[in-house]
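*Asks:* The structure follows.
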Number of protein chains: 2
Amino acid sequence: MAMQQQTERVIQYNNEFLEKAEQLKPTFRYKEVKPVDLVKVNENPNVIHGWEISREAGADILKSKEFGKGDEAVLDFKTHLVGRVTFDVNAVGSPPDAPAYIRLTFGEMPVEVGEDFSDYNGWLSRSWLQEEYIHVDTLPTHVELPRRYCFRFMKMEVLDTSRKYNVTISNVICRTETSANEKPELMVPEKDKLNRKLEQVSLLTLENCMQDVFEDGPKRDRRLWLGDLRLQAQANYGTFNNDDLVKRCLYLFAAAPDSQGKVAANLFIHPTLMPDDTYLFDYSLFFSTTLYDYAFAANEWETALNLWSTAFRQYEIAAERIDGNDLLMDDESWWSFIDWKDGLNKQAPSHGVFMYALQKGIALAEKVGTDQQTTYLRELYRQLKKAALSHLWSSEKKFFVSGSDKQVSIASQVWMILGGALDKNEAQKLLKRIENETDILGMNTPYMYHHYVEALFQTGLKEEAVKQLQYYWGGMLDHGADTFWELYNPEDLNFSPYGSHIINSYCHAWSCTPIYFLRKYLYN
Amino acid sequence: MAMQQQTERVIQYNNEFLEKAEQLKPTFRYKEVKPVDLVKVNENPNVIHGWEISREAGADILKSKEFGKGDEAVLDFKTHLVGRVTFDVNAVGSPPDAPAYIRLTFGEMPVEVGEDFSDYNGWLSRSWLQEEYIHVDTLPTHVELPRRYCFRFMKMEVLDTSRKYNVTISNVICRTETSANEKPELMVPEKDKLNRKLEQVSLLTLENCMQDVFEDGPKRDRRLWLGDLRLQAQANYGTFNNDDLVKRCLYLFAAAPDSQGKVAANLFIHPTLMPDDTYLFDYSLFFSTTLYDYAFAANEWETALNLWSTAFRQYEIAAERIDGNDLLMDDESWWSFIDWKDGLNKQAPSHGVFMYALQKGIALAEKVGTDQQTTYLRELYRQLKKAALSHLWSSEKKFFVSGSDKQVSIASQVWMILGGALDKNEAQKLLKRIENETDILGMNTPYMYHHYVEALFQTGLKEEAVKQLQYYWGGMLDHGADTFWELYNPEDLNFSPYGSHIINSYCHAWSCTPIYFLRKYLYN
């Protein structure tokens, strides 16, 4: 995610914050998981991505299965895993007179162990496709694969042994790793089958993204993004309650702003902390809202005090984008995220995000800021709200419009509502209008869909909110999701903003929020 | 090398011998070697295997070379190496937002970094082709490749980075490893250019095969073969003088005979000692001749005493193959090695090998055996010599003949001469007859060529011996050999008994003997 070229940047590292983050390094929880089934992967044009699995036998059969040159097998662990994989390779026949050459492929989805990676032509790096080529020089050998994998399916292909021996592959174990505390008890009663499944799957999604930091996706990008962190943190409160992990991530972001003080959209943690050169209008503002959520959820104010000036600085920087009409200046670049949606104009939704962030910023300023800062933020909010209603609301279309083409998108309506541009009654009407409007730009990600559902809940449209939650996240379940996906368009199942659905992440932070809705609005 | 199917075998492990071998584990010598040039590999139908290299720049340029998706480079270390490879990978551009995916290919010869391994269709395991696929998850990283490689050329292909960054690959270092002592001083004066080159290259060949044991080839099979050990040991005396390594290998062979007491043709050392299920008539007999050579060279008789009964047993077992005419029973199986030569009948040459081994066995018996054993071996030799002259010599053809088709091969003549079937004068005449005979089955390996040259030297045909030495091993030098090859047929440069010359070993134990000839017969 991101394509800006690096320019000369100066990073203002803050060693005190770095040290705090270091001290907050999480402890990990490990569990050994074994494969359940040996499966076949078959093409089927009627299922998502065109690939499905069918059970062949229990995975126990593996230890008696001999592999010669060209033989392969696919293991199904029946759940989504993040961890390290080990297995034993033994020789059968004559003493092995050559190394065994084996390729392992890991997939979250059947398509990943079905299609040939060499056909991949997406624009994200092929290096994300999970495969390993290993030479086993002496046999028997206990193999410890070198990396962390994220998968449910594991394909083993024996590229060669020799004419004198075959191999068996046994004791396949995945040692999963997560920094999440033990899973909380489920709150949805068993009779509410779909909601209970949503609860389970979103918990697993969140758990598998909780590592050294909150990762966006453990398969790809394995990185700390502010937009994801915000939603993960919200889902974490009241479930895993790893509040220190949120705190750690906040300190990390605050530890490496640019020379202006701007917080990056995402961070690289290893080998040393390095902010990405991607800066997004909305994501930078979310530093402050995530701090707000954390401080109120954990009721811990020292962190808020320490990080307040970083948070406040994001509002000042965002305000530099305001023009004479108190509107955000639009441009052609990738300046704000909002959604992975071709042609989506970012002006109005970003305006809504700004207002949303200001609401939380004002509350935070009242706790830890100066009077002057509070006043500044209140005044900013007032101006932005006024401008939204004067310039971005079309009384003719009865929708918020965005950009010079006055685009009507769901994103604009949702963020304006979340930003408090309308009162509850008007917001309800607007949300209902969305449902009946065909000429409105839709949504592509669970991330944007989350905000739509949040707007429905917040405005009291609970029934509609549940319907959308079940339609959208339930749709993924219908297609076999073990964890919730980065991308899902019910009307275009192969959708990928990266040129290939095989590189999409199928366990993704920003999709874990059903648990948040369920606990906040339905089962509290 | 070998295709017999495993049957139920009982190995008689001898723990005392195993322990001796363990105590004799060699110490290693390491050296850091850097690449010299960055080269291009080009197709050229006029050079061996159709591939040649051309210099592009000094290898120093590498550190400033940026690699993006699909970029590659080939490094030339300008000498043959056996060791482990490390390098640094750094990112250039934006912070690396995806792993770097890199393929490394190692080649002893240009063809190995020229041709695509996926086209390989030889019958030896593809696993011997030296390649690694690695994912570099965090950057910068110091990469330590997982295995030992055997190469002069190293190809680096960057399969992918991402759109946001490129990589540099720098500080490429090969840490070579050998158990050979420091190289001895050269004895051939500089003016004898060709012989001096032969001396240098055969020393390097031997050095690079000296590892935890004497390996046949450090690229392939990396294994202790008796046929190779015998020649390596002969080349070792008076050069590297690692006599303990020979001793270790003898103890290893003696530590794992089969239930009959037969010594295997080769051993696997790791993870635990395991004799291969290949047993060869000639190779088993070479256990005794190698023990003989060792005892006399090192003038160390305790080992000879300890291992004598194992050695003597090989003669008894070999004698079981003698028929009513005191000839070896021939069959269709791969019962004796002699040479990699299609259609070569093994009867007469193996008969010669038996006589050769008996000559040494008798001398050894006189030192460490009983009178009865000495008498037994002498009588066996007498019978075999008589049978050779009565049944295998064709007075019509004036050649030794082999098998029911009375095949005339160089191998039969050479081994009969080395076995002492003829007196010096007759042997000379026979060797001269070979030169002028076109209807005689030739040789394919340096191993068989060695014995031909040895026969020439032993019968006093020194000039012809030197001519052959220079023609054959000098021919490899003309084709760019840095070390001497497993296979070389001057009239068929692409010859391979394995279906593909790319899998041939280009640093091979049995080819290291020019140094032995030079020191024994020419520069002593």
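*Asks:* For the range A:489-501, how many residues are within 16 Å of the chain's Cα centre (by Cα) and touching a residue at least 60 places away in the same chain (Cβ under 8 Å)?
*Replies:* So the answer is 4.
*Asks:* State which residue pairs qualify: first residue open to solvent by 20 Å² or more (accessible area, probe 1.4 Å) and inside the range B:167-186, second residue aromatic (Phe, Trp, Tyr) in any location, beta carbons under 6 Å apart, and separation of 6 or more residues or different chains.
*Replies:* Note: pairs meeting the criteria are B:Asn171/B:Phe87; B:Arg175/B:Tyr30; B:Glu177/B:Phe28; B:Glu177/B:Tyr30; B:Asn181/B:Phe240.
*Asks:* Among what's in the range B:17-36 and is part of a helix (DSSP H, G or I) and acidic (Asp, Glu), pick the residue that is farthest from the chain's Cα centre (by Cα).
*Replies:* Residue satisfying both the conditions and the ranking: B:Glu19.
*Asks:* To continue, here is another question. Test of understanding: among A:Phe296, A:Phe337, which residue is surrounded by fewer than 23 Cβ atoms within 10 Å (Cβ to Cβ), at pLDDT 95 or above, over 19 Å from A:Lys406 (Cβ atoms) and of a type in the set (Phe, Trp, Tyr)?
*Replies:* Checking each option against the conditions leaves just A:Phe296.
*Asks:* Another question about this same structure. What number goes with the only condition from (1) under 28 Å from B:Gly93 (Cα atoms); (2) touching a residue at least 60 places away in the same chain (Cβ under 8 Å); (3) surrounded by fewer than 20 Cβ atoms within 10 Å (Cβ to Cβ) that A:Lys346 does not pass?
*Replies:* Here A:Lys346 clears every test but (3).
*Asks:* Quick check on my filter: what residues within the range A:133-166 are free of Cβ contacts under 8 Å to residues at least 40 places away in the same chain and under 25 Å from the mean Cα position of the chain (by Cα)?
*Replies:* Matches in the range A:133-166: A:Pro146 only.
*Asks:* Only one residue in B:Asp88, B:Asp60 is surrounded by fewer than 19 Cβ atoms within 10 Å (Cβ to Cβ), at pLDDT 95 or above and in a strand (DSSP E or B). Which one?
*Replies:* B:Asp88 is the lone residue from the list that is surrounded by fewer than 19 Cβ atoms within 10 Å (Cβ to Cβ), at pLDDT 95 or above and in a strand (DSSP E or B).
*Asks:* Output the residue which, of all residues in the range A:153-162 that are touching a strand residue (DSSP E or B) at 6+ places or on another chain (Cβ under 7 Å) and outside any loop (DSSP other than H, G, I, E, B), is farthest from the other protein chains (Cβ to nearest Cβ).
*Replies:* A:Phe153
*Asks:* So B:Glu437 fits all but one of (1) modelled with pLDDT under 95; (2) over 21 Å from B:Asp492 (Cβ atoms); what number is the exception?
*Replies:* (2)
*Asks:* Just a yes or no: is a residue in the range A:128-143 within 22 Å of B:Phe268 (Cα to Cα), away from chain B (no Cβ under 11 Å), polar (S, T, N, Q) and open to solvent by 10 Å² or more (accessible area, probe 1.4 Å)?
*Replies:* no
*Asks:* How many of the residues in the range B:27-40 are open to solvent by 30 Å² or more (accessible area, probe 1.4 Å) and in contact with a helix residue (DSSP H, G or I) (Cβ under 6 Å, 6 or more places away or on another chain)?
*Replies:* 1
*Asks:* Working only within the range B:41-57, note down all residues that are open to solvent by less than 90 Å² (accessible area, probe 1.4 Å), assigned to a strand (DSSP E or B) and not hydrophobic (A, V, I, L, M, F, W, C).
*Replies:* The answer is B:Asn42, B:Glu52, B:Ser54.
*Asks:* Next up: For residues that are part of a helix (DSSP H, G or I) and touching a Leu at 6+ places or on another chain (Cβ under 9 Å), scanning just the range B:107-121, find the one that is surrounded by the fewest Cβ atoms within 10 Å (Cβ to Cβ).
*Replies:* B:Phe117
*Asks:* Among the residues in the range A:304-312, are any in contact with a Cys (Cβ under 7 Å, 6 or more places away or on another chain) and either open to solvent by less than 10 Å² (accessible area, probe 1.4 Å) or in the same structural domain as A:Arg382 (by TED's automatic domain parsing) (or both)?
*Replies:* Checked the range A:304-312: no residue is in contact with a Cys (Cβ under 7 Å, 6 or more places away or on another chain) and either open to solvent by less than 10 Å² (accessible area, probe 1.4 Å) or in the same structural domain as A:Arg382 (by TED's automatic domain parsing) (or both).
*Asks:* Would you confirm, using the coordinates I've provided, whether A:Val414 is open to solvent by less than 20 Å² (accessible area, probe 1.4 Å) and farther than 27 Å from A:Thr79 by Cβ?
*Replies:* Spelling it out, A:Val414 is indeed open to solvent by less than 20 Å² (accessible area, probe 1.4 Å) and farther than 27 Å from A:Thr79 by Cβ.
*Asks:* Something else about it: In this structure, does A:Lys462 turn out to be in contact (Cβ under 8 Å) with a residue 12 or more places away in the chain and at positive phi?
*Replies:* Answer is no for this residue.
*Asks:* Sticking with this structure for a sec: Restricting the range A:468-482 to residues that are touching a Leu at 6+ places or on another chain (Cβ under 9 Å) and outside any loop (DSSP other than H, G, I, E, B), which is most open to solvent (accessible area, probe 1.4 Å)?
*Replies:* So the residue we want is A:Gln470.
*Asks:* Working carefully through the options B:Lys424, B:Lys386, find the one that is open to solvent by 70 Å² or more (accessible area, probe 1.4 Å) and under 30 Å from the mean Cα position of the chain (by Cα).
*Replies:* When all the criteria are applied, what remains is B:Lys424.
*Asks:* OK, next. If the requirement is being open to solvent by 10 Å² or more (accessible area, probe 1.4 Å) and in the same structural domain as B:Pro35 (by TED's automatic domain parsing), which of these qualifies: B:Leu104, B:Leu81, B:Leu124?
*Replies:* B:Leu124
*Asks:* Quick test for you: out of A:Lys191, A:Lys219, pick the one residue that is among the basic types (Lys, Arg) and away from chain B (no Cβ under 14 Å).
*Replies:* It is A:Lys191.
*Asks:* Out of everything in the range B:258-290 that is assigned to a helix (DSSP H, G or I) and in contact (Cβ under 8 Å) with a residue 60 or more places away in the chain, what residue ends up being farthest from B:Gln347 (Cα to Cα)?
*Replies:* B:Thr290
*Asks:* Let me ask something else about it. Regarding A:Asp326, is this residue in a loop (DSSP other than H, G, I, E, B), surrounded by fewer than 18 Cβ atoms within 10 Å (Cβ to Cβ), of a type outside the set (Gly, Ala, Ser) and out of contact with any strand residue (DSSP E or B) (no Cβ under 7 Å at 6 or more places or on another chain)?
*Replies:* Criteria not met by A:Asp326.
The values are calculated or read from the model by the stated rules, or taken from the named source; none is laboratory data. Since the structure is predicted, the reported quantities are computational estimates derived from the model, not experimental observations. Note: ideal-geometry Cβ built from the backbone for every residue, glycine included; neighbour counts use all protein chains shown. The area values use the complete protein model at the heavy-atom level, side chains included, leaving out ligands, DNA and RNA. Shrake-Rupley method; radii C 1.70, N 1.55, O 1.52, S 1.80 Å.
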